[in-house]
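Each reported figure results from applying straightforward, stated rules to the coordinates on display, with no laboratory input. As the structure is a prediction and not an experimental result, all values here were calculated from the model.
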Amino acid sequence: MVIVRSGIFAIAVVVASMFSACGGNSGNGNTNAQKTATRPAENPNTVRTNVEELGVLVKVPYETEDIVWKEITAKKKIIAIMRFSAADANKIVAEAGGTPENTGIAVESWFPEELIAQTEMSGDNALKGVSYPATAFYQDPYTSGKITRVEGSDYFILEIQSK
């Protein structure tokens, strides 16, 4: 009878330790997941889609309808592709100031599919557009750059860097 009781006691101890171990790991896992979710991406070349996160680095004067962006920390540069409503797109151009310049921007694999398709249809590897000073987007330390409205669209490509 003593052997049976000690066997049951041993099983109860093993089961209890298994449950406490699972509970402990689960709690730590959630804490780590929360910490990971709230800190910026580890890889600076990661493509991001969060306008609020971009807004910490540069000014975004109007609400975006679509956004993808990348911070290139080694070059102290940000490239953002933003689509605005037609009305806001026209305001950005009207408020830009400076001398508009016709330009071409090489397409990268992380650009929106619509822009990639546009270059494939034209046969060029560059998007055509008109560039303006990106003054409305400047925020320390990013105080130099241009904003390009992609021809025939409400997409803009912001290329901004630290001086």
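Subtracting the Cα-Cα distance of Thr73 and Asn45 from 0.36 nm times their residue separation leaves 9.3 nm of extension gain. Given H placed on each backbone N at 1.01 Å, which residues far from Leu127 in sequence or on other chains put an amide H within less than 5 Å of it? The list, which skips near neighbours in sequence, is Ile105, Ala106, Val107. Taking 22 Å as the cut-off for C-alpha to C-alpha distance, list the pairs among Lys75/Lys163; Lys128/Lys163; Lys70/Lys91; Lys91/Lys128; Lys59/Lys128 that go past it. With Cα atoms farther than 22 Å apart: Lys128/Lys163; Lys70/Lys91; Lys59/Lys128. Across all Cα pairs in the range 51-162, the calculated P(r) in 5 Å bins from zero up to the longest distance comes to 2, 12, 25, 26, 22, 11, 3, 0 percent per bin.
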